[in-house]
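Report on the following structure.
The values are calculated or read from the model by the stated rules, or taken from the named source; none is laboratory data. Values in this document were obtained by computation on a predicted structure and should not be read as measured data. Here the Cβ positions follow ideal geometry from the backbone for every residue, glycine too, while neighbour counts run over all protein chains shown. Please note that ligands, DNA and RNA were not included when accessible areas were found on the heavy atoms of the full protein model with its side chains. Shrake-Rupley method; radii C 1.70, N 1.55, O 1.52, S 1.80 Å.
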Amino acid sequence: FVVMYVILVNGWLLYTHHITSRFEDTSLVHSFVLFVYLVGFGTCIVNASFEDARAFCVGAILLRLSVLIMLTSIAYCIPRARYFCKALAFVTLLAIAGLSVPILFDGDDTMTEVGLWMAAGVESLAEVLMVNMLRGERLVPINIDQTKERLGALVLVMLGETVLSVTITYRELKEEHREEEEDGESQQHNSYYYWVLGLSFLLIFMFTLLFFHMQPDPAEHAFRRSRTYGTLCLLAHKVLGL
């Protein structure tokens with residue numbers, strides 16, 4: 001679960017953090033490539049299990065191939081961004097190589113794990129190294145407001161999954177309680193389950209308020225302070241999504 005989550009979030013950040021927070025492309029070609037990216041992202045989500053690792057990797061590769069097309073277009077149009085695009089494209093190609101392993105060795109659990117860990121590790125490590133190796137104008141600056149918005153959207157998606165999990169768990173508990181009542185074995189009041197559901201929603205809502213109210217202004221944000229603080233902030237959001 002953890003390694004697939006990291007691969008999925010890295011794919012999300014490839015577009016939302018590394019591309020859209022730095023560059024703007026409103027062309028029709030970009031829209032078509034973005035559609036391919038979303039198809040790959042959706043394929044990863046519906047196959048996010050070790051049993052479906054091959055289909056998951058196909059979606060992850062499709063996602064990253066679309067990012068490579070975007071980077072190629074950016075490097076062609078913006079000379080200053082070529083160092084950044086080359087570095088990010090190299091890392092993406094290494095991740096694609098790792099994701100190809102579970103496809104080539106379908107049915108081999110050991111090779112599947114190696115390939116997944118390789119893809120997740122390469123992208124996570126490169127994210128730390130790139131900001132320190134690309135000096136001066138080689139590292140294209142980001143739009144902090146857009147990055148905050150994208151990271152906030154990531155947190156909302158994860159919280160939405162939590163709401164779904166709570167609702168499904170609540171319904172299962174309610175069905176168990178109904179069966180126990182029919183068998184005469186129930187020892188808990190019916191309102192207990194409503195309390196569980198209500199307090200779970202309250203906890204999620206309080207966490208949402210806490211997260212969005214603690215966001216600083218762009219001038220005081222971690223991305224503005226230093227590259228190290230910005231990288232740690234990005235990694236913290238990944239951990240937060242777990």
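Quick check on my filter: what residues within segment 111-131 are at pLDDT 85 or above and either open to solvent by less than 20 Å² (accessible area, probe 1.4 Å) or among the charged types (D, E, K, R) (or both)? Within segment 111-131, 112, 113, 115, 116, 119, 120, 123 meet the criteria.
Listed here are the residues, each with its yes/no results for (1) aliphatic (A, V, I, L, M); (2) in contact (Cβ under 8 Å) with a residue 60 or more places away in the chain; (3) closer than 22 Å to residue 233 by Cβ.
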| site | (1), (2), (3) |
| --- | --- |
| 83 | no, no, no |
| 89 | yes, no, no |
| 94 | yes, no, no |
| 129 | yes, no, yes |
| 158 | yes, yes, yes |
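In the set (1) touching a Leu at 6+ places or on another chain (Cβ under 7 Å); (2) at pLDDT 90 or above, residue 83 fails one condition alone, (2). Tell me, which residue of segment 207-239 that is more than 18 Å from residue 123 (Cβ to Cβ) and of a type in the set (A, V, I, L, M) is surrounded by the most Cβ atoms within 10 Å (Cβ to Cβ)? The extreme case among them is 222. Count of segment 25-81 residues, restricted to those that are open to solvent by 80 Å² or more (accessible area, probe 1.4 Å), charged (D, E, K, R) and touching a residue at least 24 places away in the same chain (Cβ under 8 Å), is 2. Condition check: farther than 21 Å from residue 154 by Cα, among the charged types (D, E, K, R), over 15 Å from the mean Cα position of the chain (by Cα) and at pLDDT 85 or above. Does residue 54 satisfy that? So residue 54 fits the description; yes.
Filter the helices (runs of 4 or more DSSP H) completely within segment 1-84 down to those with at least 3 residues that are in contact with a Ser or Thr (Cβ under 6 Å, 6 or more places away or on another chain).
Values: elements: 2-16, 28-46, 53-77.
It comes to 28-46, 53-77.
For the subset of segment 91-110 comprising residues that are open to solvent by 60 Å² or more (accessible area, probe 1.4 Å) and in a helix (DSSP H, G or I), which member is nearest to residue 55 (Cα to Cα)? This residue is 104.
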